[in-house]
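J.: Sending over a structure as C-alpha coordinates; questions will come in a sec.
The values are calculated or read from the model by the stated rules, or taken from the named source; none is laboratory data. Bear in mind the structure is a predicted one, so any value in this text is a computation, not a measurement. All Cβ positions, even for glycine, are placed from backbone atoms using ideal geometry, and neighbour counts span all protein chains on display.
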Amino acid sequence: MAQFLLSVVAPDKLVVEESVASLIAPGTEGYFGVMAGHEPIIAALKPGLVEYADSTTNRHYIYVGGGFIEVKADRVTILADEAEKAVDVDLSQAEAHLEEARKALRGEDSKVDSSDAVMEVERAVSRIKAARVVR
(Lines give C-alpha, C1' and ligand atoms only; values in the text may rest on other atoms or scores of the structure.)
Protein backbone atom coordinates (compact mmCIF):
# COMPACT_ATOMS: atom_id res chain seq x y z
CA MET A 1 0.00 0.00 0.00
CA ALA A 2 1.29 3.47 -0.88
CA GLN A 3 2.37 5.62 2.05
CA PHE A 4 3.09 9.23 2.90
CA LEU A 5 4.91 11.07 5.67
CA LEU A 6 2.70 12.40 8.47
CA SER A 7 4.00 15.18 10.73
CA VAL A 8 1.90 16.50 13.61
CA VAL A 9 3.39 19.53 15.28
CA ALA A 10 2.16 21.38 18.38
CA PRO A 11 3.65 24.69 19.55
CA ASP A 12 5.79 22.92 22.15
CA LYS A 13 6.68 19.59 20.48
CA LEU A 14 6.73 17.27 17.52
CA VAL A 15 3.95 14.79 18.33
CA VAL A 16 4.29 12.34 15.43
CA GLU A 17 6.48 11.97 12.39
CA GLU A 18 6.09 8.65 10.63
CA SER A 19 5.15 6.98 7.39
CA VAL A 20 1.43 6.17 7.27
CA ALA A 21 -1.03 4.54 4.88
CA SER A 22 -4.07 6.78 5.53
CA LEU A 23 -5.54 9.31 7.92
CA ILE A 24 -8.84 10.86 8.91
CA ALA A 25 -8.81 14.47 10.16
CA PRO A 26 -11.40 16.74 11.86
CA GLY A 27 -11.91 19.56 9.33
CA THR A 28 -14.06 22.54 10.22
CA GLU A 29 -16.57 21.34 7.60
CA GLY A 30 -16.45 17.73 8.81
CA TYR A 31 -14.06 14.81 8.99
CA PHE A 32 -12.17 13.92 5.80
CA GLY A 33 -9.78 11.20 4.70
CA VAL A 34 -6.36 11.34 3.06
CA MET A 35 -4.37 8.67 1.25
CA ALA A 36 -1.07 8.79 -0.63
CA GLY A 37 -1.35 10.74 -3.87
CA HIS A 38 -4.12 13.01 -2.53
CA GLU A 39 -4.59 16.32 -4.31
CA PRO A 40 -2.89 19.21 -2.46
CA ILE A 41 -5.11 21.10 -0.02
CA ILE A 42 -4.82 23.34 2.99
CA ALA A 43 -7.68 23.19 5.47
CA ALA A 44 -8.59 24.42 8.93
CA LEU A 45 -9.07 21.83 11.67
CA LYS A 46 -11.43 21.90 14.62
CA PRO A 47 -10.80 20.12 17.93
CA GLY A 48 -11.10 16.37 17.47
CA LEU A 49 -9.27 13.15 16.75
CA VAL A 50 -6.83 12.46 13.96
CA GLU A 51 -6.93 8.75 13.19
CA TYR A 52 -4.18 7.20 11.10
CA ALA A 53 -3.15 3.74 9.95
CA ASP A 54 0.53 2.83 10.06
CA SER A 55 2.30 0.57 7.55
CA THR A 56 0.86 -2.54 9.25
CA THR A 57 -2.66 -0.98 9.21
CA ASN A 58 -2.70 -0.60 13.01
CA ARG A 59 -4.87 2.38 14.00
CA HIS A 60 -3.46 5.26 16.07
CA TYR A 61 -5.18 8.37 17.43
CA ILE A 62 -4.03 11.90 18.18
CA TYR A 63 -6.04 14.62 19.90
CA VAL A 64 -5.75 18.00 18.15
CA GLY A 65 -7.20 21.21 19.58
CA GLY A 66 -7.67 22.83 16.18
CA GLY A 67 -5.13 24.18 13.72
CA PHE A 68 -4.32 23.63 10.05
CA ILE A 69 -3.48 20.73 7.78
CA GLU A 70 -1.42 20.85 4.59
CA VAL A 71 -1.85 17.85 2.31
CA LYS A 72 0.55 17.04 -0.50
CA ALA A 73 0.79 13.84 -2.56
CA ASP A 74 3.62 12.42 -0.42
CA ARG A 75 3.37 14.39 2.85
CA VAL A 76 0.79 15.67 5.33
CA THR A 77 1.67 18.31 7.91
CA ILE A 78 -0.65 19.22 10.76
CA LEU A 79 0.10 22.42 12.65
CA ALA A 80 -2.06 22.02 15.73
CA ASP A 81 -2.98 24.59 18.38
CA GLU A 82 -2.38 21.75 20.82
CA ALA A 83 -1.89 18.04 20.26
CA GLU A 84 -1.06 14.81 22.05
CA LYS A 85 -1.20 11.12 21.35
CA ALA A 86 -4.42 9.60 22.66
CA VAL A 87 -2.45 7.17 24.84
CA ASP A 88 -0.90 10.18 26.63
CA VAL A 89 -4.16 12.00 27.43
CA ASP A 90 -4.89 12.20 31.16
CA LEU A 91 -8.60 11.35 31.41
CA SER A 92 -9.14 12.80 34.90
CA GLN A 93 -7.45 16.06 33.91
CA ALA A 94 -9.61 16.31 30.77
CA GLU A 95 -12.77 15.68 32.80
CA ALA A 96 -11.76 18.38 35.31
CA HIS A 97 -11.15 20.84 32.47
CA LEU A 98 -14.59 20.01 31.03
CA GLU A 99 -16.22 20.78 34.38
CA GLU A 100 -14.40 24.14 34.59
CA ALA A 101 -15.57 25.07 31.09
CA ARG A 102 -19.15 24.06 31.93
CA LYS A 103 -19.02 26.28 35.04
CA ALA A 104 -18.04 29.21 32.83
CA LEU A 105 -20.98 28.46 30.51
CA ARG A 106 -23.33 28.47 33.51
CA GLY A 107 -21.95 31.84 34.62
CA GLU A 108 -20.31 30.44 37.75
CA ASP A 109 -16.80 31.31 38.94
CA SER A 110 -14.34 29.45 36.75
CA LYS A 111 -10.71 29.46 35.63
CA VAL A 112 -12.03 29.47 32.04
CA ASP A 113 -13.02 32.80 30.48
CA SER A 114 -16.71 32.76 29.57
CA SER A 115 -15.96 33.95 26.02
CA ASP A 116 -13.75 30.88 25.47
CA ALA A 117 -16.01 28.40 27.25
CA VAL A 118 -17.69 26.84 24.20
CA MET A 119 -14.35 26.12 22.50
CA GLU A 120 -12.91 24.81 25.77
CA VAL A 121 -15.86 22.41 26.16
CA GLU A 122 -15.24 21.14 22.63
CA ARG A 123 -11.54 20.66 23.34
CA ALA A 124 -12.17 18.89 26.65
CA VAL A 125 -14.76 16.56 25.10
CA SER A 126 -12.33 15.72 22.28
CA ARG A 127 -9.56 14.95 24.79
CA ILE A 128 -11.95 12.69 26.74
CA LYS A 129 -12.90 10.84 23.52
CA ALA A 130 -9.20 10.44 22.69
CA ALA A 131 -8.44 8.98 26.12
CA ARG A 132 -11.37 6.58 25.95
CA VAL A 133 -10.74 5.34 22.40
CA VAL A 134 -7.43 3.72 23.43
CA ARG A 135 -8.58 2.25 26.75
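J.: With respect to Ile78, is the statement that it is under 17 Å from the mean Cα position of the chain (by Cα) and either over 15 Å from Lys129 (Cα atoms) or without any contact (Cβ under 8 Å) to a residue 12 or more places away in the chain (or both) true?
T.: So Ile78 fits the description; yes.
J.: On to the next question. Checking the structure you have, find out if any residue of region 4-24 is in a loop (DSSP other than H, G, I, E, B), modelled with pLDDT of 95 or more and buried (at least 16 other Cβ atoms within 10 Å of the Cβ).
T.: no
J.: Quick check, is Ala94 assigned by TED's automatic domain parsing to the domain that holds Asp54, crowded, with 20+ Cβ neighbours inside 10 Å and either under 12 Å from the mean Cα position of the chain (by Cα) or hydrophobic (A, V, I, L, M, F, W, C) (or both)?
T.: On the way: assigned by TED's automatic domain parsing to the domain that holds Asp54: no; crowded, with 20+ Cβ neighbours inside 10 Å: yes; either under 12 Å from the mean Cα position of the chain (by Cα) or hydrophobic (A, V, I, L, M, F, W, C) (or both): yes.
When the stated conditions are applied, Ala94 does not pass them.
J.: Does Glu51 satisfy the criteria of being within 22 Å of Lys129 (Cα to Cα), of a type in the set (Asp, Glu) and exposed (fewer than 14 other Cβ atoms within 10 Å of the Cβ)?
T.: No, not satisfied.
J.: So which residues in region 42-75 are over 10 Å from the mean Cα position of the chain (by Cα), of a type in the set (D, E, K, R) and farther than 16 Å from Glu17 by Cβ? Walk me through how you get there before you give the answer.
T.: Applying the first criterion (over 10 Å from the mean Cα position of the chain (by Cα)) to region 42-75 yields 42-44, 52-60, 68-75.
Within this subset, residues satisfying the condition of being of a type in the set (D, E, K, R) are 54, 59, 70, 72, 74-75.
Within region 42-75, just Arg59 meets the criteria.
J.: Could you list, in sequence order, all residues of region 95-112 that are in a helix (DSSP H, G or I) and more than 18 Å from Asp12 (Cβ to Cβ)?
T.: Selection gives Glu95, Ala96, Leu98, Glu99, Glu100, Ala101, Arg102, Lys103, Ala104, Leu105, Arg106.
J.: I would also like to ask the following. Give me the pairs, please: first residue somewhere in region 93-107 and at positive phi, second residue anywhere and part of a helix (DSSP H, G or I), beta-carbon distance under 9 Å, and either six or more positions apart or on two chains.
T.: Gly107/Ser114
J.: Report yes if Gly37 is surrounded by fewer than 18 Cβ atoms within 10 Å (Cβ to Cβ), part of a loop (DSSP other than H, G, I, E, B) and not hydroxyl-bearing (Ser, Thr, Tyr), otherwise no.
T.: Yes: the conditions hold for Gly37.
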